[in-house]
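The values are calculated or read from the model by the stated rules, or taken from the named source; none is laboratory data. It should be emphasised that the depicted structure is a prediction, and the values quoted were computed from it without experimental measurement. Note that each Cβ is placed from the backbone with ideal geometry, even for glycine, and that neighbours are counted across all protein chains shown.
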Amino acid sequence: MKRVMGVVLATMVIAGTAWAGEFGPAEPLGGVGTFSLGTGYWLDHSPMKLSDDRLGTRSDQYFLQGDYTFLKDWEVYGRIGSADMIVHSLDTQQHFSDSGEAYGTLGLKGVLYRYNNFAVGPFIEGSWYGDHKNVADNQWDANVGVSAQYKIPVAGRDLTIYGGPFAYLHQADSAMALNPLPAQDDMKERYNGGGFLGLRIPVVREKLFLTAEAQAAGRLSTGATLSYKF
């Protein structure tokens, strides 16, 4: 357990100063030493604010994700991809947008408690985004939460239903020419918590998995990943 907590703290240092994507079940896809590679899409909606100006943001994110189980029931994962950005000011009624820019995510999750088909454990992840011209610079987010899962045997396969609460930070430097200009230029999240619910389905038993998830934190974000376990 000391080793696990050490990895958790190290990841917090890396990610805490670094949008996200799906959090997934607590349980890794495979045993110790197992690697998986996946591709996915995430539609992110984030309510934010700039001084007293309320902002609604949308981001289409396409990514590749790699997961590695380094310890029994614990895995690290990384995500690289492209994310665009659209911002709508609810107060000035202005729109700002930019095409896809590179982003990356680093995360850690695992199981702390297991009983029969039920398991629960924590996760932490952080993301850093490329600058969006005339929209936002230095954008990052960090998430921490708990994922609880339950496996349901169906036709010889285990469907995994999971969900839980999470807390997050989402911030960026504004590059938008709002009229009137705000008193400050740092964009921040309007909410700091939410919940998520998802489903993992083994498409090809023990090899190919489809994970679909929805997150609610002021607005609804959704996405899916198709992963292959080596």
For D98: the one exception among (1) within 22 Å of K49 (Cα to Cα); (2) surrounded by fewer than 17 Cβ atoms within 10 Å (Cβ to Cβ); (3) at pLDDT 95 or above; (4) charged (D, E, K, R): (2)
Can G107 be described as part of a strand (DSSP E or B), modelled with pLDDT of 95 or more and either over 16 Å from the mean Cα position of the chain (by Cα) or farther than 16 Å from E213 by Cα (or both)? yes
Being among the hydrophobic types (A, V, I, L, M, F, W, C), over 22 Å from I201 (Cα atoms) and not in a strand (DSSP E or B): is that true of A142 here? no
Which of the residues that make up the stretch 65-82 are more than 13 Å from the chain's Cα centre (by Cα) and either in a strand (DSSP E or B) or farther than 24 Å from L208 by Cβ (or both)? G66, D67, Y68, T69, F70, L71, W74, E75, V76, S82
Output the qualifying pairs, or none if there are none: Cβ atoms under 8 angstrom, residues six or more apart or on different chains, first residue in the stretch 176-195 and farther than 19 Å from N134 by Cβ and assigned to a strand (DSSP E or B), second residue of a type in the set (S, T, Y) and modelled with pLDDT under 95. E189/S46
Just checking, which of S46, S36 is assigned to a strand (DSSP E or B), modelled with pLDDT of 95 or more and not hydrophobic (A, V, I, L, M, F, W, C)? S36
